[in-house]
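The values are calculated or read from the model by the stated rules, or taken from the named source; none is laboratory data. Since this is a predicted model, take the numbers as computed values, not measurements. Don't worry about glycine lacking a Cβ; one is built from the backbone with ideal geometry, like all the others, and counts go over all protein chains shown.
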Amino acid sequence: MTDLTRKTAAELAELMTSGQASSVEVTQAHLDRIAAVDGDVHAFLHVDAEGALAQAKAVDTKRAAGEQLAPLAGVPLALKDVLTQEGVPTTAGSKILEGWKPPYDSTVVKRLKAAGIVILGKTNMDEFAMGSSTENSAYGTTHNPWDLSRIPGGSGGGSSAAISAYEAPLAIGTDTGGSIRQPGAFTGTVGVKPTYGGTSRYGLIALASSLDTPGPCARTTLDAALLHEAIAGYDPMDSTSINQPVPAVVEAARDGDVAGLRIGVVKELGGEGYQPGVEARFHEAVELLTKLGAEVVEVSCPHFEYALPAYYLILPSEASSNLARFDAMRYGLRVGDNGENSAEKVTSLTREAGFGAEVKRRIILGTHALSSGYYDAYYGQAQKVRTLIARDFAKAYEQVDVLVSPATPTTAFAIGDRIDDPIAMYKNDLCTIPSNLAGNAAASFPCGLADEDGLPVGFHVMAPVMRDDLCYQVGAALESALAEQWGGVLMTKAPELGVTR
Amino acid sequence: MTVAADVLEIDDALAQYDPVMGLEVHVELNTKSKMFCGCPTEFGAPPNTQTCPVCLGLPGALPVVNARGVESAIKIGLALNCEIAEWCRFARKNYFYPDMPKNFQTSQYDEPIAFNGWTEVVVDGETYRIEIERAHMEEDTGKSTHVGGATGRIHGASHSLVDYNRAGIPLIEIVTKTIEVPGEKAAAVARAYVSMLRDLLLALGVSDVRMDQGSLRCDANVSLKPRGSSTLGTRTETKNVNSFRSVERAITYEITRQAAVLSSGGKVVQETRHWHEDTGVTTSGREKSDADDYRYFPEPDLVPVAPSREWVEELRATLPEAPSVRRARLQEDWGFTDLEMRDVINGNALEPIVATVELGVTPAAAKKWWLGELARSANESGQELDALGVGPEQVAEVQKLVDEGTLNDKLARQVFEGLLAGEGTPAEIIEKRGLALVSDDSALIEAIDRAIAANPDVVEKVNSGKPAAAGALIGAVMKDMRGQADAAKVRQLLNEKLGI
């Protein structure tokens, strides 16, 4: 039998529907692959082999009984460790939550379970999703399967690395400033940040409430769309959830026709600071879309330049408040409870021991930005910038259907390269942050390898609120055109990982 | 060096200083579920049995606004003549405390649901207008119990227990603007305001207002300024003053304490103070300064609340009569003079009288018992009228016995005495104390004969054409009968006897 781990989710679903494979077989194949390669990759923080096989068996039983199953029933998936899953350790990459088993399922997990999608385990991430490399994880760095000396991107590096290393065909990420799209770009996979409010945040351990968005990671556009459809839609448990039908993402991913589509290349997202190999692949992709009948124009979004500073005021402000609940009183780590220390002291010792440097940095930054006397100059001003960026988008969408840019200024960098330079690290997210600030849909699709380092480059598509389908439309068109050139999706060019065991 | 007195006499304090007050009242709403989750709100359940990921602040949990809570807030705002925001947001009030699950309280900051209102209270016949700054929505915290200390306070405790059943219960905080009334009325006005709020909230049906369960809590801000000055002094905030009487006492205490500090050349410290019901004093709590920084910002997990004008008007139409309008209507219905009505209100007897009249008692009789007997007794024993254990039903029962001729007023008073002493039902008290009127004519005639025999001079006067003198004979008979006779009956029989 062919290697089940090399199949796409859509192919696996087809194999199971037609009775050529069972979910238990598919799940076991991926568990075996994890056992074989994850020692090198370290995509997973927790593998729930028992739970996954039980879920797989349940799907097989239902299928055997002739029950009508959802399209992805039986397909395994890797879950970012920031989403709660009842009874399964959930840490958000932090020591402060070590050993915590949530008593409830996040809405995303509920929907995955309802769709019969098998959850293999929890993937590594920067602590509380603060970072662009997974180097801020309290549990070690994830390695990029394309080059194990490099970072896989972040914060959701674990999820993207897992699918890139064929440990899972699908993964869930969360995107606050690029945490799905940047790792997608760095690992040659597809990463989609749905419209804010298009997927539920209930059970997502909050980093920045007004920015966080769960979304799909996959090796193909269609797989991402199928997963998107499974998790998206209105959730009454999330007040910011949008009560509208899910955009027709699967249809768009199957269609992939860009003829007549108006595409705007964002002038401000390119040039100085962008790696030549990244720019080269990006412009070739734009050319390709033009050949496919898209109308391409250059568009200016003058306020994007302020997106990064605004983001680094809004995010820490919200995070400083969201992370206040980690006080050692009800769950997670508890340090210094010796019968002598006050509650306040225990909270303080626990936070000192339980939070990493980047988390502390952002808590302090956010606390300061919200302080009286500084609020207007920092948080207030950042919110105004946010409005201006949303207006840039609105104005651009009067001219074009989607906006495009490179997903990241560079390809994946070496582990340790930027960890001591927060600003250099933050600049990774220059292209992805504006969409979080405006809440619109955006995605990264593989568009080739940079000449200078042979590493994947991501093509970034931004679409209006609740037009997530347009991202898939462009992604599918690009994917099929490039696959024709390459004789397969980009992932087929990835080096084989040594089997560690 | 002489040590200044802790407090001045209230008269001395008010001779030098004018008090300025501000009242913040927290009201627990009686919604079935909590403000941001579906947990029940019943009081008294075993600790931590009415909780869920949301009100425990578990990682990942998100709030959803209870629409009924918003409705109650709007009703309260309308009843206090407030403007209702067309668009407002919740805000996070950030501070650490173990009984606050998220370490921020979801509240409202600069965009309250209701603002710019007013209301009126009546004290000693004078109407005082209270300006309302705002009424906003927020959630309650959990409840800490400090164990092992002598006082039940955190100081000296070995550990603390937290019950999160209360966390997330909807609260409305009603904040007045500064209240400046003549100093000698200040404390009474504050009390009347809180008492009026209770009546209003009950009439609106939005809260059970059980002060003993903490569902209405008052924080009293007090400062003093030299008489005639317009410069505000430093204020203190006395927390959790939880009865009407305590509001009055705590404010009076703070006036006398601050006056003592100021008049001895000291400075009032801006701080939170605790009220001690037992000793009648406030003590210093946490020092509070303007530097207290809650880092408020709009709650990003919730969407703005934008009540439509149609909805607001629908709710306005459901409001009960305003208290001042109602008072005027009742006064007219009852035929009370202004003075009588003032006494009723000052005695907190309005609601009991309404209830008693509804049971068929005449307004005059209801007023007589509630004010003459029960309010007086409450005052003497330092209790609230509704804490006496005598209700409208019992008052109506006693009055019925009077109407039937079983009791006269004097005997009825003794029945009330028995009721207040917990001696049982009116019937039982009459039985035990032997209070029923003597309706046996022969017994009365014997007593009349004795009175005539003992007072020949009075009989003489009556016979010489002064029938009014017969009153003395009636008095003698009543005395003889130990009050247990119907005076009208005695007069009738006496008149027959004397042929007048």
Among (1) away from chain B (no Cβ under 11 Å); (2) on the phi > 0 side of the Ramachandran plot; (3) under 27 Å from the mean Cα position of the chain (by Cα), where does residue A:357 come up short?
(2)
Give the residues of segment A:88-109 that are part of a helix (DSSP H, G or I) and within 12 Å of chain B (Cβ to nearest Cβ), sorted by residue number.
A:96, A:97, A:107, A:108, A:109
Residues being of a type in the set (Ser, Thr, Tyr) and over 20 Å from residue B:10 (Cβ atoms): count how many of those fall in segment B:235-272.
1
Scanning for something assigned to a loop (DSSP other than H, G, I, E, B), within 22 Å of the chain's Cα centre (by Cα) and modelled with pLDDT of 95 or more, does segment A:248-256 turn up at least one residue?
yes
Mind counting the residues in segment B:16-68 that are surrounded by fewer than 16 Cβ atoms within 10 Å (Cβ to Cβ), within 14 Å of another protein chain (Cβ to nearest Cβ) and within 27 Å of residue A:239 (Cα to Cα)?
3
Total residues in segment A:240-282, condition within 14 Å of chain B (Cβ to nearest Cβ) and in contact (Cβ under 8 Å) with a residue 40 or more places away in the chain:
3
Is there any pair linking a residue in segment A:412-426 that is in a loop (DSSP other than H, G, I, E, B) to one that is surrounded by fewer than 16 Cβ atoms within 10 Å (Cβ to Cβ), with Cβ under 6 Å and at least six apart or on different chains, and which?
A:418/A:424
Considering only residues of segment A:309-354 that are of a type in the set (Val, Ile, Thr) and touching a residue at least 24 places away in the same chain (Cβ under 8 Å), which is farthest from the other protein chains (Cβ to nearest Cβ)?
A:350
Does residue B:469 satisfy the condition of being touching a helix residue (DSSP H, G or I) at 6+ places or on another chain (Cβ under 7 Å) and modelled with pLDDT under 80?
no
Output the qualifying pairs, or none if there are none: Cβ atoms under 7 angstrom, residues six or more apart or on different chains, first residue in segment B:24-50 and over 12 Å from residue B:208 (Cβ atoms), second residue part of a loop (DSSP other than H, G, I, E, B) and among the small types (Gly, Ala, Ser).
B:34/B:168; B:35/B:168; B:36/B:168; B:37/B:168; B:39/B:168
Test: residue A:432 is buried (at least 22 other Cβ atoms within 10 Å of the Cβ) and polar (S, T, N, Q):
yes
Which helices (runs of 4 or more DSSP H) does segment A:145-240 wholly contain that include 3 or more residues that are under 24 Å from residue A:118 (Cβ atoms) and within 9 Å of the chain's Cα centre (by Cα)?
A:157-164
Taking the condition hydrophobic (A, V, I, L, M, F, W, C), assigned by TED's automatic domain parsing to the domain that holds residue B:391, in a helix (DSSP H, G or I) and in contact (Cβ under 8 Å) with a residue 24 or more places away in the chain, does residue B:494 pass?
no
Would you mind stating whether residue B:157 is assigned to a loop (DSSP other than H, G, I, E, B), surrounded by fewer than 21 Cβ atoms within 10 Å (Cβ to Cβ) and either within 14 Å of chain A (Cβ to nearest Cβ) or at pLDDT below 90 (or both)?
yes
Condition met for residue B:485 (closer than 30 Å to residue B:394 by Cα and outside the structural domain of residue B:383 (by TED's automatic domain parsing)):
yes
Being more than 9 Å from every other protein chain (Cβ to nearest Cβ) and either more than 23 Å from the chain's Cα centre (by Cα) or of a type in the set (Phe, Trp, Tyr) (or both) is the requirement here; does residue A:306 meet it?
yes
Exactly one of these conditions fails for residue A:229: (1) among the acidic types (Asp, Glu); (2) at pLDDT 95 or above; (3) surrounded by fewer than 18 Cβ atoms within 10 Å (Cβ to Cβ). Give me its number.
(3)
Search segment B:293-311 for residues being more than 10 Å from every other protein chain (Cβ to nearest Cβ) and surrounded by 16 or more Cβ atoms within 10 Å (Cβ to Cβ), and hand back the single one that is farthest from residue B:112 (Cα to Cα).
B:307
With the structure loaded, tell me whether residue B:98 is in a loop (DSSP other than H, G, I, E, B), in contact (Cβ under 8 Å) with a residue 40 or more places away in the chain, buried (at least 23 other Cβ atoms within 10 Å of the Cβ) and within 11 Å of chain A (Cβ to nearest Cβ) or whether it fails that test.
no
From the residues in segment B:312-331 that are without any contact (Cβ under 8 Å) to a residue 24 or more places away in the chain and more than 27 Å from the chain's Cα centre (by Cα), which one is nearest to the other protein chains (Cβ to nearest Cβ)?
B:314
In segment A:110-142, how many residues are under 18 Å from residue A:238 (Cβ atoms) and surrounded by fewer than 24 Cβ atoms within 10 Å (Cβ to Cβ)?
4
Segment A:143-158, subset touching a helix residue (DSSP H, G or I) at 6+ places or on another chain (Cβ under 7 Å) and over 15 Å from residue A:458 (Cβ atoms), residue surrounded by the most Cβ atoms within 10 Å (Cβ to Cβ):
A:155
Looking at B:452, B:429, can you tell me which residue is within 18 Å of residue B:404 (Cβ to Cβ) and modelled with pLDDT of 80 or more?
B:429
Could you please let me know if residue A:476 is surrounded by 22 or more Cβ atoms within 10 Å (Cβ to Cβ), more than 18 Å from the chain's Cα centre (by Cα) and small (Gly, Ala, Ser)?
yes
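Conditions tested, residue by residue: (1) touching a Leu at 6+ places or on another chain (Cβ under 9 Å); (2) modelled with pLDDT of 95 or more; (3) more than 23 Å from residue B:199 (Cβ to Cβ).
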{"site": "B:22", "(1), (2), (3)": "no, yes, no"}
{"site": "B:50", "(1), (2), (3)": "no, yes, yes"}
{"site": "B:55", "(1), (2), (3)": "no, yes, yes"}
{"site": "B:63", "(1), (2), (3)": "yes, yes, yes"}
{"site": "B:66", "(1), (2), (3)": "yes, yes, yes"}
{"site": "B:69", "(1), (2), (3)": "yes, yes, no"}
{"site": "B:74", "(1), (2), (3)": "yes, yes, no"}
{"site": "B:78", "(1), (2), (3)": "yes, yes, no"}
{"site": "B:86", "(1), (2), (3)": "no, yes, yes"}
Looking at the structure I just gave you, is residue B:93 within 14 Å of another protein chain (Cβ to nearest Cβ), closer than 23 Å to residue A:327 by Cβ, among the basic types (Lys, Arg) and more than 32 Å from the chain's Cα centre (by Cα)?
no
For segment B:206-304, which fully contained strands (runs of 3 or more DSSP E) count at least 1 residues that are at negative phi and aliphatic (A, V, I, L, M)?
B:216-226, B:236-241, B:281-287
Which is assigned to a loop (DSSP other than H, G, I, E, B) and either free of Cβ contacts under 8 Å to residues at least 24 places away in the same chain or more than 30 Å from residue B:385 (Cβ to Cβ) (or both), of B:423, B:431, B:417?
B:423
